[in-house]
Amino acid sequence: MATKNFKCIACGKSSLSKNEIGINKKLLGMKSKNFYCLECLANLLEVEPQDILDKIEDFKRDGCKLFE
Ligand SMILES: [Zn+2]
């Protein structure tokens, strides 16, 4: 389930999930090499972590391959 060894650049949390990596790419751009965990991404975008989870569910429903 964890994708390689991606770490949150803000808090250092390791082993980010595939969904976390996927939503980083969706929200920050496919070329982004900086990944954030769910909490830090929510902080950065000034939304609630639940809003991010909802977005992940939306993308999954669209059949996006970045998510599992
Ligand atoms: Zn973090």
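Would you confirm whether or not the stretch 38-57 contains a residue that is near the ligand (Cβ under 10 Å from one of its atoms) and part of a loop (DSSP other than H, G, I, E, B)?
No, every residue in the stretch 38-57 fails to be near the ligand (Cβ under 10 Å from one of its atoms) and part of a loop (DSSP other than H, G, I, E, B).
I'd like to check something: does the stretch 30-37 contain any residue that is part of a helix (DSSP H, G or I) and either surrounded by 14 or more Cβ atoms within 10 Å (Cβ to Cβ) or in contact with a Pro (Cβ under 7 Å, 6 or more places away or on another chain) (or both)?
No: zero hits.
Quickly run through the stretch 18-29 and pick out the residues that are in a helix (DSSP H, G or I) and of a type outside the set (K, R).
If the condition is that a residue be in a helix (DSSP H, G or I) and of a type outside the set (K, R), then N19, E20, I21, G22, I23, N24, L27, L28 are the ones that fit.
In the stretch 1-37, how many are at positive phi and within 9 Å of the ligand (Cβ to nearest atom)?
Residues that pass the stated criteria total 1.
Note down all Cβ pairs under 7 Å where the first residue falls in the stretch 46-66 and is closer than 12 Å to K26 by Cα, the second is of a type in the set (S, T, N, Q), and they're at least six residues apart or on different chains.
That search, which allows pairs on different chains as well, returns I56/N19.
Every number here is computed from the coordinates shown, using simple stated rules; none is lab data. Predicted model, so just to flag it, every value in this text is computed and none were measured. Here the Cβ is made from the backbone with ideal geometry for all residues, glycine too, and neighbour counts use every protein chain on show.
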